[in-house]
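Participant: One structure, pasted below without further comment.
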Amino acid sequence: MDIYEPIFLEISCPPRMINVQNHMQTSAISQTKMEFFETMPSSKTILTAATSLTASVILFRSIASDLMTEQLQLFFSSRFQKLSNRLSSQLIVVIEESEGLASNQMFDAVNVYLGTKVNAWTQRIKVNKPDEDEELVVTVDRYQEVTDYYENVKFTWIMKSRGIKQSEKNTNPKTELLYFELSFHKKQKEMALKSYLPYILERAKEIKEEKRVVRLHTVDYNGTDYWSSVVLNHPATFDTMAMEPEMKKELIEDLDMFVSRKDYYRRVGKAWKRGYLLYGPPGTGKSSLGAAMANYLKFDVYDLDLREVQCNSDLRRLLIGSSNRSILVIEDIDCNVGLQNRENDNDTTEDDKITLSGLLNFIDGLWSSCGDERIIVFTTNHKDR
């Protein structure tokens, strides 16, 4: 072997050469970064450009708003809302205060139930102190969000309001409509409808029974309702009423049988109601007996003065607006003008005034089935009329 033969031919690049190459690459990258930052605009220039872009967007939206018709704006708004709803995991259930003429029992139950969910985080509540009530009645105010948990599932409530549309004013005497929005995860829909809401109905019923005070309602066209009420502070009871013992016992047994026969009325296909005619000279206790019945059953009393009712349509609204478990009292039924002769009903249109036919339909026709557990009491000084 020749002594001059190279012995390091397998080494392709000496370490010194590698270091030099790496140094050259690092220098090149640094130079590129410096050139990049030197060519970037200043922060002032970027801020000016952003401000200009924002102003352009606002101007574009303003011009678009001016140029687009209201229908076109509503179209794009509804499209955007639908897209947002599709992307959202939340489901919203709307519970309105009433449906046409009928009040919504679910709305009333929610209002009572949420009053018990007020906590330290609640910012707006409504407080009412009815006469003779020992406790304050607390409910949530409009646009106050309330969070409730049921079986470890979160439910969010909020009460809102909207004005009554012109087309709805013929069927709803109110100027605005209140409603609750219930929001929760879409996957809990079945549980919310079949378990949570029925639970609220039952719980609200229990709360009402615990705090129940008999109230006296009277006709009052106040723009939002047909009835206004006060606490019925009448001292009459069956213990204080001067009645024949047998008649008193018979009446109490009849009332007990009535409230316990819900299934019977359903089975025979009759409205769950009961009627009484109380007659006798003035001052013999007819009105007091009605109050004693209300105190015994804990039923609200609706005092219907037919002279305050303008037509049969208003009469129907009054019936729909009264609650279940109530006593409707019509005093001196024989003294109301226009009710003596049923044959005269055809002399005028049905909605021009109250007619005897309208009254009979009100207490015994189809409209009488719009409610449960109701008692109707007529009083008269002359039963032969």
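The values are calculated or read from the model by the stated rules, or taken from the named source; none is laboratory data. Since the structure is predicted, the reported quantities are computational estimates derived from the model, not experimental observations. In this analysis, Cβ positions are derived from the backbone assuming ideal geometry, glycine residues included, and neighbour counts consider all displayed protein chains. Surface areas here come from the heavy atoms of the whole protein model, side chains and all, with no ligands, DNA or RNA. Shrake-Rupley method; radii C 1.70, N 1.55, O 1.52, S 1.80 Å.
Participant: What whole-number distance in Å separates the alpha-carbon centres of the stretch 93-108 and the stretch 186-235?
Facilitator: 11
Participant: Continuing with the same structure: Once amide H atoms are built 1.01 Å from N in the peptide plane, which residues 5 or more positions from H234, or in another chain, come under 5 Å H to H?
Facilitator: none
Participant: Once the other residues with Cβ under 14 Å from the Cβ of T237 are scored (Lys, Arg +1; Asp, Glu -1), what is the net sum?
Facilitator: With Lys, Arg at +1 and Asp, Glu at -1, the net is +1.
Participant: Report, in listed order, any pair from K117/K187; K126/K211; K249/K298 with a Cα-Cα distance greater than 20 Å. Walk me through the intermediate numbers first.
Facilitator: On the way: K117/K187 24 Å; K126/K211 17 Å; K249/K298 18 Å.
Correct reply: K117/K187.
Participant: On to the next question. Counting Lys and Arg as +1 and Asp and Glu as -1, what is the net charge of the other residues whose Cβ lies under 15 Å from the Cβ of V146?
Facilitator: Net charge in that neighbourhood comes out at +3.
Participant: Same structure again: Could you check the simple spin-label distance between R142 and T218, using points 7 Å along Cα→Cβ, in nm with one decimal?
Facilitator: 2.8
Participant: For a quick protection proxy, order the peptides 362-374, 283-295, 236-248, 204-216 by their average other-Cβ count within 10 Å, most packed first.
Facilitator: Result, highest mean first: 283-295, 362-374, 204-216, 236-248.
Participant: Rounded to the nearest 0.05, what FRET efficiency do S89 and L366 have when you use their Cβ-Cβ distance and R0 = 35 Å?
Facilitator: Efficiency, rounded to the nearest 0.05: 0.20.
Participant: On the full set of protein chains, 1.4 Å probe, figure out the accessible area of M159 and give it in Å² to the nearest 10.
Facilitator: Only protein atoms counted, so the area is about 0 Å².
Participant: Scan around K353 for amide H atoms under 5 Å from its own, H built in the peptide plane at 1.01 Å from N, and keep only partners 5 or more places away or cross-chain.
Facilitator: N312
Participant: If you don't mind, another one. Net charge within 11 Å of K205 by Cβ-Cβ distance, Lys/Arg positive one each and Asp/Glu negative one each, not counting K205 itself? Don't skip to the end; give the middle numbers.
Facilitator: Values: positive: R203, K208, R212, R325; negative: D108, E202, E206, E209, E210.
Once positives and negatives cancel, what remains is -1.
Participant: Moving on to the next point. Under 5 Å between amide H atoms, partner at least 5 residues away or on a different chain: which partners does W227 have, H built in plane at 1.01 Å?
Facilitator: Under 5 Å from the amide H of W227 lie the amide H atoms of D220, each far enough along the sequence or on another chain.
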